[in-house]
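Notes for the one structure printed next.
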Amino acid sequence: MNALDPNVEPAAGQRDEPPTRILVIKLAALGDFVQAFGPFAAIRAHHPDAAITLLTTPPYADLARRSPWFDAVWSDGRPSWRDPSAWWRLVQRLRGAGFSRVYDLQTSRRSSRYRALVGGAAEWSGIAPGASHPHANPRRDAMHTMERQREQLEMAGIRRFPPPKVDWLDADLGPFALPPRFALLVPGASPGRPGKRWPAERYGELAAGLDLPAAVVGGAAEKPLAAAIAARAPGTIDLTGRTDFAALGALGRRAAFAVGNDTGPVHLIAAAGCPTLALFGPESDPALCAPRGPAVAVLRHPRLAALEAAEVRAALAGLVAG
């Protein structure tokens, strides 16, 4: 009703109506989360006035809250199958939110089951049975993650895909006392998949031949890798265990270039704009999951441990020259 005259109906566009409520599902992992930045931005551009909630997991909640794409971030998106109380809380939360549309960007068996938790009244973009806007491409699993998600959103009616800005992903690098020019090395990868790691000694050979110091990033568990690199390149800067996602983004914007394995931090560094050379072995396919960014090159070897530092140096020269 009109604030001045309760008997006058407000004109269209003047009603104090609640915003449309949208749910986006993206649970993990870091590389996949980074490759969803584009879809996140597209969903926000398509629903500029909506209240958009992201359902994710604790490791990515702070990253999502820093971004400009969500009004709320829920981190309880992966309760244990053995915790019925956590499941009940999630059901109550999803049912009570009144979402009108869901974009399931995880598209897993787990996330597809959430359609029943949200309720059948909500439109659903994903692969769940009965979805109102299914990603109906039988070859979807043969697509790169970013092309697959873009096509999924196109099938849900989204046509505009603005480049995702990542200037919000920033941090004070003063405590690291970095030199004016430096490179980034990312020698880690999933602990359960050692075949995705180029040997630390090879990274050391590479670092020793650079004309600038290298900073090694990764988790605290990767400190021995940094030590092995520093043994061959004494000027190496060990930042393992000292960087959060925001710091990785800031480092990616300042570094001359980065070299790393197929691992989440490489995706984040590449997305921040750093010229990035990603090293792949046979355990993952760059056609499906290579990092994306303004300047990214991929070097794949059938046996990553046998890849010579000279080959990496040559590929790196081509990347930086381009």
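The values are calculated or read from the model by the stated rules, or taken from the named source; none is laboratory data. Fair warning: this is a prediction, and the values are worked out from it, not measured in the lab. Using ideal geometry, Cβ is built from the backbone for each residue, glycine included, and neighbour counts are taken over all protein chains shown.
For segment 120-137, give me each residue that is surrounded by fewer than 15 Cβ atoms within 10 Å (Cβ to Cβ) and among the small types (Gly, Ala, Ser). Answer for segment 120-137, where residues must be surrounded by fewer than 15 Cβ atoms within 10 Å (Cβ to Cβ) and among the small types (Gly, Ala, Ser): Gly120, Ala121, Gly130, Ala136. The one condition from (1) closer than 13 Å to Lys196 by Cβ; (2) touching a helix residue (DSSP H, G or I) at 6+ places or on another chain (Cβ under 9 Å) that Asp285 does not meet is (2).
Does segment 183-197 hold any residues that are in a loop (DSSP other than H, G, I, E, B) and within 18 Å of Ile269 (Cα to Cα), and which are they?
Correct list: Pro187, Gly188, Ala189, Ser190, Arg197.
Selection of first residues in segment 242-262 that are crowded, with 24+ Cβ neighbours inside 10 Å and of second residues that are among the polar types (S, T, N, Q), restricted to Cβ pairs under 7 Å at least 6 apart or on distinct chains, gives the following pairs, ordered by first then second residue: Leu251/Thr243; Ala258/Thr276; Asp262/Ser284. Of the residues examined, Pro180 is one that is outside the structural domain of His47 (by TED's automatic domain parsing), closer than 20 Å to Val216 by Cα and in a loop (DSSP other than H, G, I, E, B).
When restricted to residues that are outside any loop (DSSP other than H, G, I, E, B) and farther than 25 Å from Arg181 by Cβ, segment 268-322 contains 9. Of the numbered criteria (1) of a type outside the set (A, V, I, L, M); (2) in the same structural domain as Leu54 (by TED's automatic domain parsing); (3) not in a helix (DSSP H, G or I), the one Pro162 fails is (2).
For segment 138-152, the set of residues classified as aliphatic (A, V, I, L, M) and either loosely packed, with under 15 Cβ neighbours inside 10 Å or outside the structural domain of Leu63 (by TED's automatic domain parsing) (or both) consists of Ala142 only.
With the structure loaded, tell me whether Asp285 is under 15 Å from the mean Cα position of the chain (by Cα), modelled with pLDDT of 95 or more and farther than 16 Å from Leu212 by Cα or whether it fails that test.
no
Here segment 180-199 is the region considered, the condition is being buried (at least 23 other Cβ atoms within 10 Å of the Cβ) and among the hydrophobic types (A, V, I, L, M, F, W, C), and the residue that is farthest from Ala278 (Cα to Cα) is Ala183.
Restricting Ala295, Ala314 to residues that are surrounded by fewer than 19 Cβ atoms within 10 Å (Cβ to Cβ), modelled with pLDDT of 95 or more and in contact with a strand residue (DSSP E or B) (Cβ under 8 Å, 6 or more places away or on another chain) narrows the list to Ala295. For segment 128-158, what are the residues that are aliphatic (A, V, I, L, M), under 23 Å from the mean Cα position of the chain (by Cα) and assigned to a loop (DSSP other than H, G, I, E, B)? Matches in segment 128-158: Ala128, Met143, Ala156, Ile158. When segment 231-241 is filtered for residues that are surrounded by 19 or more Cβ atoms within 10 Å (Cβ to Cβ) and among the aliphatic types (A, V, I, L, M), the ones remaining, listed by number, are Ala233, Ile237, Leu239. When segment 195-241 is filtered for residues that are free of Cβ contacts under 8 Å to residues at least 60 places away in the same chain, acidic (Asp, Glu) and farther than 18 Å from Leu30 by Cβ, the ones remaining, listed by number, are Glu201, Asp211, Asp238.
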